[in-house]
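So the structure is just underneath, and the comments pick up after that.
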Amino acid sequence: MPNEQTKQLTFGAMMIALFSILLAVSFYVPVINLITSFFIALPIAWYSAKFNRKASIFVTVVSIGMSFFIGGLLAIPLAMVHAPLGFIIGDNIRTKRSKLFMLLSTGIVLLISMAIQYVITVLLFEFNPVEELMTIATEYYDQLGAMMESFNALPENYYKQVAEALFMFETIMPSLLIVSIFIFALIFINILLPVLKKLGLEVPKFPSYQNMRLPKSVLWYYMIVLVVTLLVEMDQGTFSFMVFANAALVLRFLLFLQGISFIHFYIHEQGWPKWVVVIATLLAFPLQSVTLLLGIVDLGFNIRSFVKNKNNK
């Protein structure tokens, strides 16, 4: 037991030191930080994958505390993103969770971390990043409009269209943030897991993307949101308008991913070469309406069985 505790303390001290070095390089060294910033969470993930949750939480908290001595208050937000990220990835490896569970839990932890930092920024520093972003965007389009007006090239209803576009962007910003955070989590997981595997850890794998099947409830939720938005008139700027606008965007994104999954499945069943998959995936973005429809049909009907049976014949 004393040897195990000594091992935990020694390895923990090494990982805190390595975390601090990576954080310092990412904070102070330009160009190189584009690489090191992807690996700041690695020491915490490695530690929490090897040792119990209590010890891992302690190392995570100390690592965040050390960031203050590295870069002051400005370094703490960076540490608050990467330290919990490393902890949750390592904890999922230690408890042998699936990669999908790891993605969901990592995304939720990052979302909570970002929300806490946002609230602290607004309350303590009286700075609202969202309002500041919208102010900058408004000023930019006002200047652009004034420049086009000086050349007599201002489109009709320019300011009205810009105001509506900015309002819609502000409305759906929560869902854009959620999607972005989960994409961010996916990128970091796919970068860190191969390294952790090289370090001797048993890491989970995603099932093949072509076999991805979302729960059918996603389709029902989308249909409910679609029907409500068609039948119920909601005033812009209200809470209900914001909720349904964000829900529709997230659900459309999920069904879009389901549509791409079906495309991959169909190409695989046809035995076509891999370059066709790449071209089809790229075409799926400009043809997102068709891809979305494929996702809906794939989730609502058992067309994969039809494709398989047709190929077997």
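Of all the options 50, 197, 274, the one that moves most in a Gaussian network model of the chain with Cα springs shorter than 10 angstrom is 274. Within the chain, the longest run free of exposed loop sites, counting chymotrypsin sites (Phe, Trp or Tyr not before Pro) that sit outside DSSP helix and strand states (H, G, I, E, B) and have at most 13 other Cβ atoms within 10 Å, spans 152-300. Using DSSP loop states and a limit of at most 12 other Cβ atoms within 10 Å to flag GluC sites (Glu not before Pro), what is the longest stretch of the chain containing no flagged site? Longest run free of exposed loop sites: 1-125. With the convex hull of the Cα atoms taken as the outline of the stretch 162-265, the averaged projected area works out to 9.0 nm². Can you match Rg and Dmax of the Cα atoms in Å to one of these, (i) 23.8, 81; (ii) 18.6, 57; (iii) 22.4, 73, based on a calculation from the structure here? Among (i) 23.8, 81; (ii) 18.6, 57; (iii) 22.4, 73, the one calculated here is (i). Take each complete run of DSSP H in the chain, measure how far its Cα atoms stretch along the helix's own axis, and keep only those covering 30 Å or more with mean Kyte-Doolittle hydropathy at least 0.0; list them. What comes out of the filter, once short or polar helices are dropped, is 2-28, 99-125, 173-198, 239-270. A straight Cα-to-Cα reach below 26 Å connects residue 50 with the lysines 7, 96, 99, 197, 198, 205, residues fewer than 8 places away in its own chain not being considered.
Using 0.36 nm per residue and subtracting the Cα-Cα separation, the extra length available between residue 197 and residue 268 on full extension is 22.7 nm. Scaled against 2.2 N^0.38 Å for its residue count N, the alpha carbon radius of gyration of the stretch 209-312 is 1.24. Rounded to the nearest 0.05, the FRET efficiency derived from the C-beta distance between residue 287 and residue 69 at R0 = 45 Å is 0.30. The length gained on full extension between residue 186 and residue 127, counted as 0.36 nm times the residue separation minus their Cα-Cα distance, comes to 18.3 nm. Subtracting the Cα-Cα distance of residue 95 and residue 25 from 0.36 nm times their residue separation leaves 22.1 nm of extension gain.
A short reminder: the numbers here are calculations on the coordinates, not readings from a lab. All values reported here derive from a predicted model rather than from experimental measurement. We place every Cβ from the backbone using ideal geometry, glycine too, and count neighbours over all the protein chains shown.
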